[in-house]
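Every number in this text was worked out from the coordinates using simple rules, so none of it is lab data. Keep in mind it's a predicted model, so treat the numbers as computed, not measured. With ideal geometry, Cβ positions are generated from the backbone for all residues, glycine too; neighbour counts draw on all protein chains shown.
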Amino acid sequence: MAVHPVEASHVRGLLGGATRLALYGAGGKGRTLPRFLRETVPECEVAGFLDSDPALRGRRVDGLPVAGPEALEAWGIQAVAVSTYAKHAVASALRQFRRESGGSFAVLTGLDELHSAHCFAALRELL
């Protein structure tokens, strides 16, 4: 699917210059974002998923590792895109973790909405 240049600039603006991301939420909602990012901003690399489910940690989902927030430094993460339904609570917890750990990663909460808008626009084109 071709990406409209305005969409790519919106995603880049939201990322704020970050090129190495982790996605919080390895479920259905989060699993759609790596492909969207590869197609929209190919210079951006998704290093893996963060998830609160201990059963997923240490596994791979769609080829990407799943871990907890403690992996952020080892992965060299510049930003975490939160893509869960409880995103405001998760974003708050990540900000607290950042303060306590001395991390410098950004916490992004709007990428999944931008992706949803992109999907709806593509669907309208098909109809």
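Look at the Cα gyration tensor of the range 5-121: its axes a ≥ b ≥ c give a/c of at least 1.5 with a/b over b/c, and that counts as prolate. Maximal additional length on extending the E73-A86 stretch stands at 2.3 nm, based on 0.36 nm per residue less the C-alpha distance. Electrostatic tally near I77: other residues with Cβ closer than 12 Å to its Cβ, Lys and Arg +1, Asp and Glu -1, net -1.
Stretching the chain fully between R95 and E43 yields a gain of 16.2 nm (0.36 nm per residue, less the alpha carbon separation). Relative contact order, whole percent, for the range 5-121 stands at 28, derived from Cα pairs under 8 Å and 6 or more residues apart.
Compute the FRET efficiency between A55 and R12 as 1/(1 + (r/R0)^6), taking r as their Cβ-Cβ distance and R0 = 30 Å, and round to the nearest 0.05.
Computed FRET efficiency for A55 and R12: 0.30.
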